[in-house]
Amino acid sequence: MDKLHNMSDKEITRLQVMTQLGEKRITQRIAAGQLGISTRQVKRLWRKYQEQGADGLINKSRGKPSHNRLTVEVKQRVLDLILDRYRDFGPTLACEKLREVHGLQISDESVRKIMLAEGLWKHRRKRKPRVFQMRERRACFGELVQIDGSDHDWFEGRSPRCTLLVFVDDATGKLVELWFVPHESFFGYCEAARHYFERYGKPGAFYSDKHGVFHLNNPKVTPGDGLTDFGRAMQELGIQIICANTPQAKGRVERANQTLQDRLTKELRLRGISTPEEANQWLPEFMESYNQRFATQPRSRLDFHSPLAPTEQLDRILCRKSTRFLSKNLTFQYFKTIYQIHVNRPSYAMRKAQVTVLENAQGQVTVLYKNHPIPFEVYYQQAKQSEVVSAKSVDFELRNAACAHKPAPDHPWRNYPSPLPSQQNDPIQGDILTLSN
């Protein structure tokens, strides 16, 4: 009676080659070439085929549990840790934490299977990718740096929602600067850029989106030289600003934002960091760990950064800078405020003189005349009125609008007498509902 064999395609191919070898139609060297194995391995298979027939070519481990399988105790411990601390982690990040924190040497695929079995992870549906023109990485470190702001609930309710400014090197994918700010603004990017310049030097170019910090979205109604404050500052430092038309064009920093929104948020939770100030102090340690895992080697060993020149004073460059002309009374107006200049020389000598007004992040104003500061005082300041905000800052302004205005201590609302407890539910005298016929 014929015996039924359960064989794989690889084993069926071996059986055919052994049959040809038994009929002396091929040699052992030719059989080894057809099977992609050594001649010694062919001799071993031929010996088993002669002794056991087709059964000798079947894998003896089929149907038996693997020797490398995880024990029930290890699986249970991994599951308990995931349910306790890493419930919302992805399989790859959870596997890293199990290795680093708990010393469990387990593969990410095993973690994925455990999470799938418990319903903690679902198969992701792959969307049809859109085709974009490929742009090769720059060759040198510091040749091009992609910058962007990621608005996210980084502290998961432990602190107000804020924005993370991300600087990514294009050649290596390395995080060169991370900085938490309330929202994307000129001074926020200036502070992050200052840290980057002091750490690495000046890059060749910044690659950004068309946020109002980098690009004049309506140049027809914007006076001046056609540059934003950040663009003017980078021009003084010799750094080019390149604005992308689509998010896909600067996909390296966009993908880094997605990774950070997953990994950084969970790292902040595990370390008990609940404020942007604490996070900014710890971010260099996170960047070092991140770069060791994800950064790549550039094609060229040349560092494209250039050092800051002694004449490049960042305090006078990374600030708002405007030009004003003095009136006959030696006054000028800047942001709804009139300033009076004080000089020791005759007043007619300074009439219509050009001065430069510098404003830093704290709102402190400095007036320069021929690159030298001159004394001044506030002559008149207009009451605060409505201000124009950028499109990306609208959400931040709306979130803070409720707590932006507080009544003065002597406001009539605060002095309004509260009703007595016995009168709180009484009808109001003179109300139309209480009038009698």
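Numbers for the structure displayed
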{"read-out": "Centroid-to-centroid separation of segment 35-69 and segment 262-283 [C-alpha atoms, Å]", "value": "54"}
{"read-out": "Burial ordering of SER61, SER150, fewest other beta-carbon atoms within 10 Å first", "value": "SER61, SER150"}
{"read-out": "Max mean-square fluctuation residue, GNM over the chain, Cα-Cα springs under 10 Å, options ARG135, ARG125, ARG158", "value": "ARG125"}
{"read-out": "Protection proxy ranking of 326-332, 348-354 - average other beta-carbon atoms within 10 Å, highest first", "value": "326-332, 348-354"}
{"read-out": "Shape call, segment 9-103: gyration tensor on alpha carbons, a/c limit 1.5", "value": "prolate"}
{"read-out": "Rounded tilt (10° steps) of 276-294 against the dominant C-alpha axis of the chain", "value": "30"}
{"read-out": "Alpha-carbon gyration tensor eigenvalues x 5, square-rooted, for segment 145-294, Å", "value": "27, 17, 14"}
{"read-out": "Most fluctuating residue given options PRO284, PRO298, PRO409, as computed from a GNM of the chain linking Cα atoms under 10 Å", "value": "PRO409"}
{"read-out": "Sites ASP55 and GLU109, calculated FRET efficiency, Cβ-Cβ separation with R0 41 Å, nearest 0.05", "value": "0.80"}
{"read-out": "Potential extension, ASP262-HIS342 segment - 0.36 nm per residue separation minus Cα distance", "value": "23.3 nm"}
{"read-out": "Distance violations [Cα-Cα > 31 Å] among LYS64/LYS113; LYS174/LYS266; LYS126/LYS250; LYS3/LYS43; LYS75/LYS174", "value": "LYS75/LYS174"}
{"read-out": "Lys/Arg +1, Asp/Glu -1 at C-beta; the chain dipole; positive extreme among ILE241, GLN382, GLY63", "value": "GLY63"}
{"read-out": "Footprinting exposure proxy for ARG263, ARG77 (fewest neighbouring C-beta atoms within 10 Å first)", "value": "ARG77, ARG263"}
{"read-out": "Fewest-first sequence of ILE241, ILE82, ILE147, ILE37 by Cβ atoms within 10 Å of each Cβ", "value": "ILE37, ILE241, ILE82, ILE147"}
{"read-out": "Cα-based convex hull volume of segment 72-117 per residue, rounded to whole Å³", "value": "64"}
{"read-out": "Efficiency of FRET between GLN240 and LEU116 - r from beta-carbon atoms, R0 51 angstrom, step 0.05", "value": "0.60"}
{"read-out": "Angle in degrees between helix 9-22 and the longest Cα principal axis of the chain, rounded to the nearest 10", "value": "30"}
{"read-out": "Straight-distance crosslink candidates among lysines, where the alpha carbon sits under 24 Å from LYS328 and sequence neighbours closer than 8 are dropped", "value": "LYS336, LYS352, LYS370"}
{"read-out": "For the chain, the longest site-free run once GluC sites (Glu not before Pro) in DSSP loop states with at most 15 other Cβ atoms within 10 Å are removed", "value": "157-311"}
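We did not get these values from a lab; they are worked out from the coordinates using the rules stated. If you're wondering where the values come from, they're calculated on a predicted model, not measured in any experiment. Note that each Cβ is placed from the backbone with ideal geometry, even for glycine, and that neighbours are counted across all protein chains shown.
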